[in-house]
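Heads up, the thing below is written out as structure tokens.
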Amino acid sequence: MSTSNWYTGENYDPDPNLKIWLDGKIIPVGDAKISVFDHGLLYGDGIFEGIRSYNGRIFEREAHLRRFFDSAKAIRLNVPWTFEQLDKAMDDALEANGRLRPDQDAYIRMVATRGVGVLGISPIRTWKPQVYIIASTIKMYPPEMYEQGMPIIVSSVTRNHNNAMPARIKSLNYLNNILAKIEAHDANCPEAIMLNAQGYVAEATGDNVFIVRGGQVQTPPTSAGILEGVTRATVIRPVTSIDRRAIGHGKVGPITRQLMEAYENLVRNTPKEMSAAERGLAGRAV
Ligand SMILES: Cc1ncc(COP(=O)(O)O)c(C=O)c1O
């Protein structure tokens with residue numbers, strides 16, 4: 001991959017028919033605008049969630065919403081919506097895009113920015129935070145890699161130190177991860193493992209990591225400085241080589257395969273998780 005021009009040349013404009021939930025309204029994507037003075041854009045000052053919906057059902061909706069509000073609290077951003085309102089807003093965004101149907105999967109991106117402010121980093125001189133929800137799809141790794149495995153690298157980019165930018169805050173500033181991703185792309189790999197400042201495995205650029213060792217599944221502790229992934233307890237990635245060294249037999253192993261199947265079964269067949277409204281959580285403090 002050349003360093004000067006690595007763009008694919010494809011058009012990545014969103015589907016013009018996409019509807020966005022922005023500030024309480026469902027509007028066409030072309031009208032969904034955030035100010036150039038928004039501190040989310042100027043300084044990466046904001047937080048987000050990435051949430052999956054399988055067969056029209058949001059997976060672990062409560063866990064994701066909790067993490068959203070926890071991230072906001074950590075950066076002292078007052079989300080101008082309640083837990084229950086955003087819970088419903090996710091369904092509204094799905095429905096507006098025909099993705100509540102049982103034959104539909106989706107990827108939901110919920111974002112809260114610090115909002116419009118004066119130039120200068122202080123969040124004190126900002127106006128109301130902006131919240132929006134995209135209900136669309138996401139492309140992760142090439143499908144054949146889930147069968148055949150994937151080559152990855154160990155990045156030279158250290159995962160943010162917890163005292164600098166705790167990884168458990170899902171902030172709008174992902175440059176730490178992006179630098180590692182660039183390094184992976186340069187090595188023709190789709191993913192990179194990031195080590196923490198002590199040299200221990202932390203996580204990948206957008207995923208938690210697991211290893212099958214001696215028949216056991218192992219994953220770094222949250223104290224390694226990682227995002228507390230919602231999928232962490234159930235998912236495993238079929239990694240077969242790191243830095244060109246084969247992992248195991250260099251193929252997707254039986255435990256990985258078993259976990260992948262169990263995970264797929266779980267997300268598609270778990271009874272529908274109740275929304276906050278259904279659980280009677282209206283108005284609860286978060
Ligand atoms: C840095 C990072 N680690 C881990 C994950 C996995 O988290 P989850 O399983 O909650 O999606 C993500 C997901 O976006 C991430 O960005």
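General observations
- Percent RCO, i.e. relative contact order, over segment 15-59, from Cα pairs under 8 Å lying at least 6 residues apart: 19
- With at most 12 other Cβ atoms within 10 Å, longest stretch of the chain clear of loop GluC sites (Glu not before Pro) (DSSP): 145-286
- For the chain, share of DSSP beta bridges that run antiparallel, in % to the nearest 5: 85
- Dipole check for the chain: with +1 at the C-beta of Lys and Arg, -1 at the C-beta of Asp and Glu, and the Cα centre as origin, the magnitude is about 640 Debye.
- Across segment 195-204, coupling constants 3J(HN,Hα) worked out from phi with the 6.51/-1.76/1.60 Karplus curve, θ = phi - 60°, read 9, 7, 5, 8, x, 8, 4, 9, 7, 8 Hz, and Gly and Pro carry x.
- Three-way shape call for segment 19-138 based on the alpha-carbon gyration tensor, with the a/c threshold at 1.5: prolate
- Of all DSSP beta bridges in segment 145-268, antiparallel share, percent nearest 5: 55
- Unit charges at the beta carbon, dipole of segment 1-75: most positive-side option, G24, Y54, A74: Y54
- Ranking of L259, L119, L175, L65 by neighbouring Cβ atoms within 10 Å, starting from the fewest: L119, L175, L259, L65.
- Relative contact order %, the chain, counting alpha carbon pairs below 8 Å whose residues are six or more apart: 20
- The longest stretch of the chain left intact once loop-based chymotrypsin sites (Phe, Trp or Tyr not before Pro) with at most 10 other Cβ atoms within 10 Å are removed from consideration, loops following DSSP, is 13-286.
- Under 5 Å from the amide H of V209 lie the amide H atoms of A204, each residue being 5 or more positions distant or on a separate chain, with H modelled from the backbone and absent for Pro and chain starts.
- Listed pairs K88/K181; K19/K139; K181/K272 exceeding 25 Å between Cα atoms: K88/K181; K181/K272
- Average Cα contact separation per residue, segment 1-129, under 8 Å, 6 or more apart, as relative contact order %: 31
- Virtual spin-label span in nm between Y200 and E278, 7 Å along Cα→Cβ: 3.9
- Taking T137, T113, T158 in turn, the Gaussian network model of the chain (Cα-Cα springs below 10 Å) assigns the largest fluctuation to T137.
- Cross-link partners of K73 among lysines (Cα-Cα below 17 Å; sequence separation of 8 or more within a chain): K128, K170
Since every read-out is calculated from the coordinates, none of them should be taken as a lab result. All values derive from a computational prediction rather than experimental measurement. In this analysis, Cβ positions are derived from the backbone assuming ideal geometry, glycine residues included, and neighbour counts consider all displayed protein chains.
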